[in-house]
Amino acid sequence: MKKYYKELKRKIEIINKKKKIKKKKLAFFISNTAKFKNVPFYFTPIRETKNFYYFGITLFNDIFVKEICKIIDGKFNTIFVDTEKKSLNLKKKNYLTNVERAVKENIKKSYLKFYKANDLTVDAAENFLELQFKKEIRNLGGKKILIIGVGNIGFKLCLRLIERGANVEIYRRDTGKLNQICELINFIKPAGNKSRVKPFKLSKNKLSNFDVIICCAKGTNIIKLKKINELNRKVILLDIGKGMFNQNTLYNLSKNNFNVFRLDVSASLDMEVENSEIFKLLEKKKYNVYKVGKYKLVSNGLLGQKNDIIVDNVKSPKIIFGVCDGKGDFVVTSKQKKNNITKDLYKIFKKKISFV
């Protein structure tokens, strides 16, 4: 175990040297996984964004969290913690670890930001596919997509693609659950959306009909092709589960100029890190109500009463978002009434205030 802690300290030294050169902030990710390996944790690469350097670890249980927190606390501006409960607890059978709680109990100096790693993966996959069809007018609309493996990630990705107008078929070994998932997604998708998800039989149905094939399954050697022409020549193959094809099929695909993409979540992680600075501002936001003259000013984000005025800052407003209708929306305000409100507030605050 000592060598892992030693390596963690070494990486912190490296990232600190980088920080001094470019004067950036530091972030650290603590994620957890259900895929158990015979190591306490493994490291993710050091990455760089506009304002940050960051790296992290992936845990298989929460046994080592306390010691890890001692090493990293105060060394990083922000520590990101995976809140999904998916790693098994080695001390209690049939229990999941609570990495989030363990980190909260032991981090006292660094700022904590919570995230869901699986959702970042789904974001990355959706963004990747969007870019592949960016030049097409409908983008993902009307595309025929197969998702193999419909667990947490596959389910969420399927729903998003259906919402974007894709025609999705999904495969899961358990046909009972497969049919239930199809029924559920078709039930909860937007009512006006004509796209539907259908079950797919990997052993019987053809793969040549699909524009995109995505593998989210945990297993390996999922797809075994006898002939390359079983695939659409322009098909996009995306491996999320990291075991999409057997070795022989992968070799033949490469030989015949097919690209198999392995999902890269770097961009999603970068955005998560950069957006954390906006989140810090949101955390500091105060929600207030302030009576001034004949008006009641309300912070944006609060539900106002009828005739309340929603502004960016009740004590020093610059922007008026609207006049409340008392039902959670704004009333249609005439130009004359807008002018009257801004003139009245100008007399009080002695500065220009604008309606958006």
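Of 11/109; 294/347; 134/224; 177/204, which pairs sit farther than 22 Å apart, going by alpha carbon to alpha carbon? Over 22 Å apart, Cα to Cα: 134/224.
About its Cα centre, how strong a charge dipole does the stretch 71-191 have in debye, to the nearest 20, once Lys and Arg get +1 and Asp and Glu get -1 at the Cβ?
Details: 24 positive and 14 negative charges, 67 e Å.
Dipole of the stretch 71-191, to the nearest 20 debye: 320 debye.
Between residue 234 and residue 255, the C-beta separation translates, for a Förster distance of 22 Å, into a calculated FRET efficiency of about 0.80. Between the stretch 178-206 and the stretch 226-273, the alpha-carbon centres lie 23 Å apart.
To the nearest 500 deg cm²/dmol, what mean residue ellipticity at 222 nm is calculated for the chain from DSSP H runs of n ≥ 4 alone, each contributing -39,500 (n - 2.57), summed and divided by the residues?
One gets -11000 deg cm²/dmol as the mean residue ellipticity at 222 nm.
Expressed as an acute angle from 0 to 90° and rounded to the nearest 10, what is the orientation of the C-alpha long axis of helix 335-349 relative to the principal long axis of the chain? That helix lies at roughly 70 degrees to the long axis.
For the chain, rounded, prolate or oblate, judged on the Cα gyration tensor with a ≥ b ≥ c (square roots of eigenvalues), a/c < 1.5 rounded, else prolate if a/b > b/c?
Working: a/c = 2.26, a/b = 1.36, b/c = 1.67.
Taking the square roots of the gyration eigenvalues as a ≥ b ≥ c, the chain is oblate.
Just to confirm the filter: which chymotrypsin sites (Phe, Trp or Tyr not before Pro) across the stretch 272-328 are DSSP coil and have at most 12 other Cβ within 10 angstrom of their Cβ? Let's see the in-between values first.
Details: sites: 279, 287, 290, 295, 321; in loops: 287.
Sparse-neighbourhood loop chymotrypsin sites (Phe, Trp or Tyr not before Pro): 287.
Per residue, the convex hull spanned by the Cα atoms of the stretch 119-264 measures out at 105 cubic angstrom. The residue 136 and residue 318 beta-carbon pair, evaluated with R₀ = 41 Å, returns a calculated FRET efficiency of approximately 0.50. Once both labels are positioned 7 Å from their Cα atoms along Cα-to-Cβ, the gap between residue 279 and residue 16 label points is 2.5 nm.
Diagonalise the Cα gyration tensor of the stretch 169-215 and give the resulting equivalent ellipsoid semi-axes, square root of 5 times each eigenvalue, largest first, whole Å.
Details: eigenvalues 80, 45, 11 Å².
Taking √(5λ) for each Cα gyration eigenvalue gives 20, 15, 8 Å.
When the Cα positions of 157, 307, 205 are compared along the charge dipole of the chain, 307 comes out farthest toward the positive end, with charges on each C-beta of Lys, Arg, Asp and Glu.
Going by the alpha-carbon gyration tensor, a ≥ b ≥ c the square roots of its eigenvalues, is the stretch 174-332 rounded (a/c under 1.5) or, if a/c is not under 1.5, prolate (a/b greater than b/c) versus oblate? Because a/c hits 1.5 or more and a/b exceeds b/c, the stretch 174-332 counts as prolate.
Shape class of the stretch 294-338 from the alpha-carbon gyration tensor: oblate, with a/c at 1.5 or above and b/c at least as large as a/b. Put a plus charge on the Cβ of each Lys and Arg, a minus charge on the Cβ of each Asp and Glu, and nothing anywhere else: the dipole of the chain about its Cα centre is then about 860 debye.
Of the trypsin sites (Lys or Arg not before Pro) in the stretch 165-196, the ones in a loop by DSSP (not H, G, I, E or B) with at most 16 other beta carbons within 10 Å are 173, 194, 196.
Just how large is the dipole of the stretch 2-115 about the Cα centre, in debye to the nearest 20, putting +1 at every Lys and Arg Cβ and -1 at every Asp and Glu Cβ?
Roughly 480 debye for the stretch 2-115.
With N as its number of residues, the stretch 106-151 has a Cα radius of gyration that, divided by 2.2 N^0.38 Å, comes to 1.78.
Loop only by DSSP, 12 or fewer other Cβ within 10 Å of the Cβ. Give me the trypsin sites (Lys or Arg not before Pro) in the stretch 123-157 that pass, ordered by residue number. Intermediate results must be reported in sequence, preceding the final value.
On the way: sites: 134, 135, 138, 143, 144, 156; in loops: 134, 135, 138, 143.
Loop-located and lightly packed - 134, 135, 138.
Throughout, read-outs are computed from the coordinates displayed, never taken from laboratory work. The structure presented is a predicted model; accordingly, all values stated were derived computationally and were not measured. Here Cβ is always computed from backbone atoms with ideal geometry, including for glycine, and neighbour counts include all displayed protein chains.
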